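The values are calculated or read from the model by the stated rules, or taken from the named source; none is laboratory data. Predicted, not measured: the structure shown is a model, and the values here were computed from it. Every residue, glycine among them, receives a Cβ derived from its backbone with ideal geometry; neighbour counts consider all protein chains shown. These accessible areas exclude ligands, DNA and RNA; they are computed on the full protein's heavy atoms, side chains included. Shrake-Rupley method; radii C 1.70, N 1.55, O 1.52, S 1.80 Å.
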Amino acid sequence: METTVIKPRKTFSLKDVRELWQYKELLYFFSWRDLKVRYKQTSIGIAWAIFQPFITMVIFSIFFGSLAKVPSDGVPYPIFVYVGLLFWQFFSTALSDTSNTLISNQSIITKVYFPRLILPISSVMTKFVDFLIATLILIGLMFYYGYMPHLSGLLILPLLLIITFMASTGLGLFLASINVKYRDVRYALPFFVQIMLFLTPVIYPASIAGKYSYLLALNPMTGVIQSARAAILGATPINWLLIIISLVVTFILMIFGIYIFKKTERYFADII
Amino acid sequence: MNSSKPIIEVKNIGKKYNITHQKGSYIALRDVLMNVIKSPFSFLKTKVKQVAGFEKKEDFWALKDVSFDVKKGEVVGIIGANGAGKSTLLKILSQITPPTTGEIILRGRVGSLLEVGTGFHPELTGRENIFLNGAILGMKKKEIAKKFDEIVEFADIGKFLDTPVKYYSSGMYVRLAFSVAAHMEPDILIIDEVLAVGDAEFQKKCLGKMEEITKGEGRTILFVSHNLEAIERLCDQCILLRNGEIIKSGRAGEVINHYLNNERNLSSVIEYTSKPNTEAQITKISILDKNKKPSAQLPINDEFFIAIEYGVFREMKKATLCISIFSEGNMLLNSSAADKEAKLENYSPGKYASIITIPPSLFNVGYYYLNISLQKPFIEHIDTKENILFEILNVNNPRSEIFNNQILGKIAIPLNYDTKRLT
């Protein structure tokens, strides 16, 4: 028989992980709800997930690729920028969604118990579906420009996805926690994301920063995007050091995010 | 299974709120930063005091040292005036907020229902919402699928099953929501005031379903309600809370009588502290007798007034003030809005006061509840104050003499009997 003991909470215990597993169906339902709801009452529906990155890619290719002649490691600019955009949009949209997830689900949080971690995780999952859909364009581009992915390169893609997943969740958990108390996050975040786009080698190669490129490496998305280009397009050899730096930074972000989230979690329902 | 142990053990539960947390709904980081820049030293001082624990914080104990046991299969009602701590207790039992002190042991699967339709999404269809809401309430997908037909049948929504619920009438919406909740099968069910929704007929159906659940299937239920009739009908045991403490517990009938005789909160003037970040707020509600003197006990033959003061902080468009009056059995007797010509007003920021006149003899002798809300109809309840009690007294009641001071019914307006002798 299930027994529940309710008492003043500790910050983190192993029980939380088990509980998360028990509630996996709810995780699925939240993701399903977000996907369903997002494209209801739109006429082209899920095609938006393709449309947005595609148009962005076209605009960037015209202005940065053709007009400004931004270097692209010898790869055609559209496909170069698209790989960057693909990962960047996954990261940035997941981050924005995660930060607002507690506020937007406020009515549920104050009425029903479930492990709160489910909400941010389901936001990231939803964005992952968008990512998968947008990948179709990449495949099309690769056919068009005649690129064959390297098999060994494809093997590190899951690792890159895990890093992106953890980076957006970690930072998102932190922002979601402070957003409960300080709504400023909602206003500051879009601005922050925009700035970050330029501090990440999405529209330009990291090599452009010359001897300062190691500073860019502290941004975990630098490692992800550089390595994705290396793996998919073979533009440069895979830089393992870069991946390890990203992994470490992400790991720290994740631990920090979870810690802050768990620490403030118990007051969400009281102050939200 | 160890049946000798109580299924719910509540031991010395206390819940402390920090008043500063309670007041503002949220703080802007900007304000905090401005404080730091304007007066860095005093900011440091208060921070240090806070950390060192010297600062005198205003604590408020919503619950103090609450302990009780519930045996398997018992149905326990929790009653008390507004602010007695009922909802806080349920929130702790449902794990929405943790207690500050004490411990609760729940032996069995817990389902809590603090609201019907939690998580319903207007864009999703009835079918989709059944699954979503079920999952939020803690049901497994398989379970929901198994009960699906039963849920649909009880909700009586028929052909609208695949229509988004935003097109539902409010009655249909509530029926569907309650139906999902009623088909949860936890060992312990925690329910807050959910029967206060829907029309009278549906309320009856819900009560019937509740009885079926409690009596038939031997489930343990904790039930909070203002509907004393429902509590008396459903519960064996009852707990009376006042100011966060248990005042009396025992057999339902006795506790309810004690409450009716001693605890009724007949305050004629209620003031509310303001929350700065809301759009508008009700600040004061007074019940005034025919001479405009505050009193919540009113002679049946006199007119009386309900005076409501409210502040509008940001321009409030297409809004109205509404009052509804309920009888003790939670039946809605009357509702009205400030829009005499059936149109909504725009309120510019400022203070407002409305006085509502209740004509003489509208209500019969007894207790009544007022709900007052500032709302944008069908869009948003900006502020709501519920369960404000008043009593109609059997004074100078010329009609009641014939029937030994008792006339039946809730509406007491004298009807005109025009009688002629024909032969």
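When the residues of region A:33-49 are filtered to those that are facing another protein chain (nearest Cβ under 8 Å) and either open to solvent by 70 Å² or more (accessible area, probe 1.4 Å) or in a helix (DSSP H, G or I) (or both), which remaining residue is modelled with the lowest pLDDT? Can you show your working first?
Of the residues in region A:33-49, the ones facing another protein chain (nearest Cβ under 8 Å) are A:33, A:36-37, A:40-41.
Checking the rest, the ones that are also either open to solvent by 70 Å² or more (accessible area, probe 1.4 Å) or in a helix (DSSP H, G or I) (or both) come to A:33, A:36-37, A:41.
Details: A:R33: 91, A:K36: 87, A:V37: 86, A:Q41: 72.
Only one residue tops the list, namely A:Q41.
Looking at region A:71-92, can you tell me whether even one residue there is of a type in the set (V, I, T), within 14 Å of another protein chain (Cβ to nearest Cβ) and more than 20 Å from the chain's Cα centre (by Cα)?
From region A:71-92, those of a type in the set (V, I, T) are A:75, A:79, A:81, A:83; that's our starting set.
Then keep just the ones that are within 14 Å of another protein chain (Cβ to nearest Cβ); that gives none.
Checking region A:71-92: not a single residue is of a type in the set (V, I, T), within 14 Å of another protein chain (Cβ to nearest Cβ) and more than 20 Å from the chain's Cα centre (by Cα).
How many residues are open to solvent by 50 Å² or more (accessible area, probe 1.4 Å) and of a type in the set (A, V, I, L, M, F, W, C) when one looks only at region A:164-194?
The number of residues fulfilling the criteria is 6.
Looking at the structure I just gave you, is A:I59 at pLDDT 85 or above and either touching an Asp or Glu at 6+ places or on another chain (Cβ under 8 Å) or open to solvent by 60 Å² or more (accessible area, probe 1.4 Å) (or both)? Before the answer, list the steps.
Numbers: at pLDDT 85 or above: yes; either touching an Asp or Glu at 6+ places or on another chain (Cβ under 8 Å) or open to solvent by 60 Å² or more (accessible area, probe 1.4 Å) (or both): yes.
Yes; evaluated as a whole, the condition is true for this residue.
Kindly indicate the residue of region B:61-74 that is within 14 Å of another protein chain (Cβ to nearest Cβ) and of a type in the set (G, A, S) and also surrounded by the most Cβ atoms within 10 Å (Cβ to Cβ) among those meeting that condition.
B:A62
Given the conditions (1) surrounded by fewer than 23 Cβ atoms within 10 Å (Cβ to Cβ); (2) within 14 Å of chain B (Cβ to nearest Cβ); (3) in contact (Cβ under 8 Å) with a residue 12 or more places away in the chain, report the number of the one that A:L199 does not fulfil.
(2)
Any chance you could count how many residues in region A:66-98 are part of a helix (DSSP H, G or I) and charged (D, E, K, R)?
Counting residues in region A:66-98 that are part of a helix (DSSP H, G or I) and charged (D, E, K, R) gives 1.
Restricting the search to region A:99-111, which residues are under 15 Å from A:R266 (Cβ atoms) and either more than 11 Å from chain B (Cβ to nearest Cβ) or not in a helix (DSSP H, G or I) (or both)?
Once the filter is applied, which keeps residues that are under 15 Å from A:R266 (Cβ atoms) and either more than 11 Å from chain B (Cβ to nearest Cβ) or not in a helix (DSSP H, G or I) (or both), region A:99-111 yields A:L102, A:T110.
Within region A:112-146, restricting attention to residues that are surrounded by fewer than 17 Cβ atoms within 10 Å (Cβ to Cβ) and farther than 19 Å from A:T56 by Cβ, which residue is nearest to the other protein chains (Cβ to nearest Cβ)?
By that ranking, first place goes to A:F143.
Given the conditions (1) open to solvent by 40 Å² or more (accessible area, probe 1.4 Å); (2) in contact (Cβ under 8 Å) with a residue 60 or more places away in the chain; (3) within 30 Å of B:S87 (Cα to Cα), which single one is not true for B:L374?
(1)
Kindly provide the set of residues from region A:20-32 that are within 9 Å of chain B (Cβ to nearest Cβ), touching a residue at least 40 places away in the same chain (Cβ under 8 Å), assigned to a helix (DSSP H, G or I) and more than 17 Å from A:A94 (Cα to Cα), ordered by number.
Within region A:20-32, A:L26 is the sole residue that qualifies.
Among what's in region B:114-128 and is within 16 Å of B:Y173 (Cβ to Cβ) and in contact with a strand residue (DSSP E or B) (Cβ under 9 Å, 6 or more places away or on another chain), pick the residue that is modelled with the lowest pLDDT.
To start, the set of residues in region B:114-128 that are within 16 Å of B:Y173 (Cβ to Cβ) comprises B:115-128.
Filter again for in contact with a strand residue (DSSP E or B) (Cβ under 9 Å, 6 or more places away or on another chain), leaving B:115, B:121-126, B:128.
Numbers: B:E115: 78, B:H121: 90, B:P122: 88, B:E123: 88, B:L124: 91, B:T125: 92, B:G126: 92, B:E128: 92.
The selected residue is B:E115.
Restricting the search to region B:112-147, which residues are assigned to a helix (DSSP H, G or I), touching a Gly at 6+ places or on another chain (Cβ under 9 Å) and more than 7 Å from every other protein chain (Cβ to nearest Cβ)?
If the condition is that a residue be assigned to a helix (DSSP H, G or I), touching a Gly at 6+ places or on another chain (Cβ under 9 Å) and more than 7 Å from every other protein chain (Cβ to nearest Cβ), then B:N129, B:N133, B:E143, B:I144, B:K147 are the ones that fit.
For region A:149-268, which helices (runs of 4 or more DSSP H) that fit wholly inside it have 3 or more residues that are polar (S, T, N, Q)?
Working: elements: A:151-181, A:184-198, A:213-217, A:220-233, A:240-265.
Of the helices (runs of 4 or more DSSP H) lying wholly inside region A:149-268, those with at least 3 residues that are polar (S, T, N, Q) span A:151-181, A:220-233, A:240-265.
For region A:202-224, which residues satisfy the criterion of being within 19 Å of A:T56 (Cα to Cα) and touching a helix residue (DSSP H, G or I) at 6+ places or on another chain (Cβ under 6 Å)? Working first, answer last.
As a first pass, look at region A:202-224 and keep what is within 19 Å of A:T56 (Cα to Cα): A:202-205, A:221.
Once the filter is applied, which keeps residues that are within 19 Å of A:T56 (Cα to Cα) and touching a helix residue (DSSP H, G or I) at 6+ places or on another chain (Cβ under 6 Å), region A:202-224 yields A:V202, A:I203, A:M221.
In region B:410-419, which residue that is at pLDDT 85 or above and not aliphatic (A, V, I, L, M) is least open to solvent (accessible area, probe 1.4 Å)?
Out of the qualifying residues, it is B:K410.
I need a count of the residues in region A:68-85 that are open to solvent by 10 Å² or more (accessible area, probe 1.4 Å) and free of Cβ contacts under 8 Å to residues at least 60 places away in the same chain.
Residues meeting the conditions: 3.
Scan region B:75-111 for residues that are within 11 Å of chain A (Cβ to nearest Cβ) and part of a loop (DSSP other than H, G, I, E, B) and jot them down.
B:S94, B:Q95, B:I96, B:T97, B:P98, B:P99, B:T100, B:G108, B:R109
Identify, please: which residue in region A:215-272 is within 14 Å of chain B (Cβ to nearest Cβ) and hydroxyl-bearing (S, T, Y) and is, among those, surrounded by the fewest Cβ atoms within 10 Å (Cβ to Cβ)?
The selected residue is A:Y267.
Among the residues of region A:9-18, what is the count of those that are open to solvent by less than 60 Å² (accessible area, probe 1.4 Å) and either facing chain B (nearest Cβ under 10 Å) or at pLDDT below 75 (or both)?
2
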